[in-house]
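The values are calculated or read from the model by the stated rules, or taken from the named source; none is laboratory data. Only a predicted model underlies this, so the values are computations on that prediction, with no experimental measurement involved. Here the Cβ positions follow ideal geometry from the backbone for every residue, glycine too, while neighbour counts run over all protein chains shown. Heavy atoms of the whole protein, side chains included, go into the accessibility calculation; ligands, DNA and RNA do not. Shrake-Rupley method; radii C 1.70, N 1.55, O 1.52, S 1.80 Å.
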Amino acid sequence: MEHRSDRTPRRRGIDLVVGTRPNLVKAAPILRAFAARGDAPPVRLVHTGQHYDPSMNDVLAEELGLPAPEVVLGVGSGPHGVQTAAMIAGYTPHLLGPDRPRGVVVVGDCTSTLAGALAAAQAGLPVAHVEAGLRSFDETMPEELNRRVTDAVSSLLFASEPSGVENLRREGVAEAKIRFTGNVMIDALVHALPAARVLDMPAALGLAGRPFAYLTLHRPSNVDDPARLAALVSLTEALAARVPVVFPVHPRTSARLAAQGLDARLAACAQIRCLGPQGYLRSLSLLAAAAVVITDSGGLQEESSFLGVPCFTLRPNTERPVTISHGTNTLIDGDLDRLLPLVEAALGGQGKRGGPLPGWDGDAAARVVEALLDAWAMW
Ligand code: UD1
């Protein structure tokens with residue numbers, strides 16, 4: 001006898017692909033926005049396994065309230081091409097089988113973003129890219145390749161800032177594919193800030209009420225070149241002579257520092273607090289209380305701009321120019337010694353304060369989900 005469920009048409013869901021730490025932060029508000037809609041199809045969370053250390057993944061997933069992923073690819077580390085190939089090979093059967101989704105959502109600009117988008121496009125599925133159109137115009141960055149290719153195969157492009165819309169238009173993308181939704185990373189921040197403040201990480205580090213600098217470094221352009229990394233360690237020592245420096249060290253950076261014996265130099269300086277990778281709430285607690293942020297992270301440029309904390313970005317360019325024009329960001333290119341007087345001015349209250357950032361209001365994910373459901377209703 002035929003079972004009733006065999007005759008009931010399966011309600012095809014939507015896949016959301018994550019793999020790295022910043023992907024998890026962006027996924028959380030999108031999942032919440034789907035859950036807030038009674039009419040939304042089911043969302044299947046797909047994890048590539050690009051970030052796998054508990055400190056880079058599990059801690060954040062729990063803090064952000066993410067469900068366990070339904071598809072786990074477990075690719076781990078490796079050259080980008082090998083990671084991309086393994087992700088596509090692992091994901092494709094899930095796109096062609098009985099659980100084929102109606103479309104795939106990817107976020108950000110990492111290898112997992114690119115692989116999720118390519119696998120979906122090759123399987124004939126529509127792709128939506130959250131954080132579309134960002135361009136650093138720096139082809140040495142692996143993320144720039146990921147951004148361009150992901151946008152090229154996506155049929156819905158959700159821009160987090162006005163430059164994203166402008167870049168896509170200039171590249172000839174059809175207007176019907178582009179939506180200015182604002183920044184889902186800020187949705188996550190707005191949601192988590194009260195809990196982060198309660199954690200009071202500065203007090204836990206003995207820095208309550210004291211100005212401190214919050215430092216993060218992980219870009220290959222800063223940490224993979226031994227001379228550049230040594231110069232950045234010298235800069236950190238000089239900075240620490242003026243203000244305590246809190247430095248949560250990314251695994252890539254940790255490995256490079258150890259290879260050059262630079263970790264011992266940092267450890268020898270009492271004013272430099274090297275920590276392991278921090279969870280989302282602990283990092284936000286430190287960021288919100290910092291006097292200045294010094295970073296090469298895309299997310300921190302945005303978060304510090306939203307929070308009004310002066311940010312110095314150790315890169316020659318940024319794909320997030322709204323953080324410079326409307327936020328608190330300043331690029332430090334070339335001469336690293338420029339940083340110290342700028343930090344001094346910021347400590348004296350002369351840093352950039354920034355102003356309102358268009359579309360960064362805590363409701364970006366709701367706009368993403370509304371546009372998605374509208375566009376994919378027929379799939
Ligand atoms: C990746 C993203 C970058 C994002 C960053 C956030 C790409 C190309 N880059 O950079 O855009 O800003 O994540 O963190 O996708 N490792 C561990 N444990 C982990 C993960 C990585 O030890 O859980 C080590 C591995 O040795 C690995 C190295 O860190 O080779 C780099 O990791 P990878 O994911 O390749 O790039 P990220 O530098 O983290």
Checklist entry - Scanning for something aromatic (Phe, Trp, Tyr), closer than 21 Å to Ser304 by Cα and assigned to a helix (DSSP H, G or I), does the stretch 243-252 turn up at least one residue? => result no
Checklist entry - Regarding Glu143, is this residue on the phi > 0 side of the Ramachandran plot and within 15 Å of the ligand (Cβ to nearest atom)? => result no
Checklist entry - Since Asp335 meets every condition but one in (1) touching a helix residue (DSSP H, G or I) at 6+ places or on another chain (Cβ under 8 Å); (2) of a type outside the set (S, T, N, Q); (3) at pLDDT below 95, which condition does it not meet? => result (1)
Checklist entry - So which residues in the stretch 209-229 are touching a helix residue (DSSP H, G or I) at 6+ places or on another chain (Cβ under 8 Å), open to solvent by less than 30 Å² (accessible area, probe 1.4 Å) and more than 20 Å from Ala289 (Cα to Cα), if there are any at all? => result Asn222, Val223, Leu229
Checklist entry - When you look at Ala117, is it within 16 Å of the ligand (Cβ to nearest atom), in contact with a strand residue (DSSP E or B) (Cβ under 6 Å, 6 or more places away or on another chain) and under 26 Å from Lys177 (Cα atoms), yes or no? => result yes
Checklist entry - Can you tell me which residues in the stretch 275-292 are within 16 Å of the ligand (Cβ to nearest atom), open to solvent by 10 Å² or more (accessible area, probe 1.4 Å) and not basic (Lys, Arg)? => result Leu275, Gly276, Pro277, Gln278, Tyr280, Ser283
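How many residues, within the stretch 85-111, are closer than 26 Å to Asn183 by Cβ and within 16 Å of the ligand (Cβ to nearest atom)?
Number satisfying all stated conditions: 7.
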Checklist entry - Does any residue of the stretch 278-290 turn out to be farther than 21 Å from Ala27 by Cα and of a type outside the set (Gly, Ala, Ser)? => result yes
Item to check | Options Pro41, Pro29, Pro54: the member that is of a type outside the set (D, E, K, R), in a loop (DSSP other than H, G, I, E, B) and modelled with pLDDT of 95 or more | outcome: Pro54
Item to check | Residue among Leu114, Leu73, Leu95 that is touching a His at 6+ places or on another chain (Cβ under 8 Å) and buried (at least 20 other Cβ atoms within 10 Å of the Cβ) | outcome: Leu73
Next on the checklist: Could you go through the stretch 254-265 and let me know if any residue there is over 26 Å from Val309 (Cα atoms), touching a residue at least 24 places away in the same chain (Cβ under 8 Å), near the ligand (Cβ under 10 Å from one of its atoms) and buried (at least 19 other Cβ atoms within 10 Å of the Cβ).
Outcome noted: yes
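Taking the conditions exactly as written (within 12 Å of the ligand (Cβ to nearest atom) and charged (D, E, K, R)), does Asp53 satisfy them or not?
Values: within 12 Å of the ligand (Cβ to nearest atom): yes; charged (D, E, K, R): yes.
So Asp53 fits the description; yes.
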Checklist outcome for this item: Of the residues in the stretch 63-77, those that are closer than 27 Å to Pro194 by Cβ and over 19 Å from the mean Cα position of the chain (by Cα) come to Ala68
Item to check | Members of the stretch 239-253 found to be open to solvent by 60 Å² or more (accessible area, probe 1.4 Å) and within 12 Å of the ligand (Cβ to nearest atom), listed by number | outcome: Arg252
